[in-house]
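Trainee: Handing you this structure, nothing more for now.
The values are calculated or read from the model by the stated rules, or taken from the named source; none is laboratory data. Here the structure is a predicted model, which means the values were calculated and not measured. Note that each Cβ is placed from the backbone with ideal geometry, even for glycine, and that neighbours are counted across all protein chains shown.
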């Protein structure tokens, strides 16, 4: 759509006084384009307004044309006058021709924003140039211009939106008008009796746009004076040269007030209808589902009892625990993996099947007094039972504290407590199984090490016994000590004999018998000492030396001592493993014992009903916003 350019309003300052001819022409021109005031219409303009009824929105599309036989108006600065049709008029631009025709059709109600002057470029302006040149003798502000400005100011006070103003400009362009502004378009349309804000005008603007363009293209310069036919709700035909029909005089203020009242009543009626539809939709899509949910929670739902319990998995570590492991000792991070494993086991199908085998979980929820939504169908599958189990057994884990919280829901408080205690027993068994293999491996290794050390000690003892029997020495240390003692004694005696011999030889006349006796004793003692020393280190045919016997026995005894030490360590390890095996390395500590409630815990009727209301309201709001956005996009 192409928007016509706006024309600036201006006033002509005349340099000199009006001559009598010019004053007469200006007076006649002002009388011809004068607009009747709302309170006191002029006598000259009352007759034309009385002769023409107020056009309706449908009749506004008909553009009356001046009669071809009407006399030509005087040429002058009259904005509303139109020269007589002639063959040369077809050569003028089409926009100027339409504007001139509409000005001639409604000389009293049209205001193009140029005051007493014709719109620049129009046929009236071209023909009125000589008279306008003669009339430029002073500054003139017509009453029609003042009334037009007052009307536009009143329209500005109505608070019209930008969309309404744009629609008014398009409707004005459709009717062949050339408004200077959006408010001037509203004024000109109302002067022609057209309501630019009616839905019918909007539809006609869209539907007849293509037809109007085709009709304008068909009405070329060859046939500028042919009559125009406009199709309306009925079969109404208007010819361009049809003269205005006389009608009653309408007060513009009263007409405007009545139209505003009618629009306000229509807006109020539509607002009431939309409000009623809104409350109907809210009642159907929000209140009714919330009422059904509340009726279920208050009337139909079976009361359920919940038993709550809390427990923690602890780990016994030795007092000498050091390193990074000692930093997390006693915290929830030390047993986080075990707690997560126990939580997963209690929420698994294995726990549900074991609970059903031991305490009849399916049978309990298949009872007839339970409402259909929560009841388990007879002969239900394990998957259906598991869904009920997940809904009624809730297990949570707090990683910061390492506490497991369990809530078991049943149709009776006794069954709820029974199920809770059974699940706690299953959890404790699962904790024991987590370290059972580790403890068994520790015991098996310690036992094997002890048995091996014991066998090696027995072999070492056998070796020592064999050496003692083979060498005939019970204790090589004692034997060596005894020999060394004998050698020492004989050597002392030998030294004494040698001293006695030296003493005898020191005499001038020694006793030869005494000397020979001492020499014999010394020889015998030396031989004995040598034999004793050789028996300790020299191997003889009769047996091994004492040194060899002592060395072999010492090696065997050292091996025996080592095996005995290893046996002692293996025995200590076996005892430690036995203690660790008998003690629970990870055990379940119950913080809150399961106690059966004396009142029903579920359903929470008020909270659930309010939640259902909020959910349905949110869904309705989202759908409404989506539909509104889509409607706006389609309409735009």
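Trainee: Hey, can you tell me all the residues within the range 416-448 that are in contact (Cβ under 8 Å) with a residue 60 or more places away in the chain and under 30 Å from residue 598 (Cα atoms)?
Mentor: Result: 416, 417, 419, 420, 421, 422, 423, 424, 426, 427, 428.
Trainee: In addition: Yes or no: residue 256 touching a residue at least 12 places away in the same chain (Cβ under 8 Å), over 30 Å from residue 154 (Cα atoms), out of contact with any strand residue (DSSP E or B) (no Cβ under 9 Å at 6 or more places or on another chain) and surrounded by 10 or more Cβ atoms within 10 Å (Cβ to Cβ)?
Mentor: When the stated conditions are applied, residue 256 does not pass them.
Trainee: Of the conditions (1) farther than 30 Å from residue 570 by Cα; (2) in contact with a helix residue (DSSP H, G or I) (Cβ under 9 Å, 6 or more places away or on another chain); (3) surrounded by fewer than 17 Cβ atoms within 10 Å (Cβ to Cβ), residue 445 fails just one. Which one is it?
Mentor: Just one mismatch for residue 445, condition (1).
Trainee: Kindly check whether there is at least one residue in the range 374-393 that is over 38 Å from the mean Cα position of the chain (by Cα) and surrounded by 16 or more Cβ atoms within 10 Å (Cβ to Cβ).
Mentor: no
Trainee: I'd like to know if the range 398-413 contains one or more residues that are part of a helix (DSSP H, G or I), at pLDDT below 95 and assigned by TED's automatic domain parsing to the domain that holds residue 345.
Mentor: yes
Trainee: Regarding the range 449-471, can at least one residue be identified that is in a loop (DSSP other than H, G, I, E, B), without any contact (Cβ under 8 Å) to a residue 40 or more places away in the chain, over 30 Å from residue 312 (Cα atoms) and in the same structural domain as residue 576 (by TED's automatic domain parsing)?
Mentor: Within the range 449-471, none of the residues are in a loop (DSSP other than H, G, I, E, B), without any contact (Cβ under 8 Å) to a residue 40 or more places away in the chain, over 30 Å from residue 312 (Cα atoms) and in the same structural domain as residue 576 (by TED's automatic domain parsing).
Trainee: Let me ask you something else. Can you tell which of 445, 481 is under 30 Å from residue 557 (Cα atoms) and either outside any helix (DSSP H, G or I) or under 60 Å from the mean Cα position of the chain (by Cα) (or both)?
Mentor: Exactly one residue qualifies, and that residue is 445.
Trainee: Next up: Checking residue 621 against (1) part of a helix (DSSP H, G or I); (2) more than 30 Å from residue 300 (Cα to Cα): exactly one of these is not met. Which one?
Mentor: It is condition (2) that residue 621 fails.
Trainee: Kindly indicate which of 455, 517 is closer than 30 Å to residue 565 by Cα and at pLDDT 80 or above.
Mentor: Sole residue among the options that is closer than 30 Å to residue 565 by Cα and at pLDDT 80 or above: 455.
Trainee: Just one of (1) in contact with a helix residue (DSSP H, G or I) (Cβ under 9 Å, 6 or more places away or on another chain); (2) loosely packed, with under 13 Cβ neighbours inside 10 Å trips up residue 613, so point out which.
Mentor: In the conditions (1) in contact with a helix residue (DSSP H, G or I) (Cβ under 9 Å, 6 or more places away or on another chain); (2) loosely packed, with under 13 Cβ neighbours inside 10 Å, residue 613 misses (2) alone.
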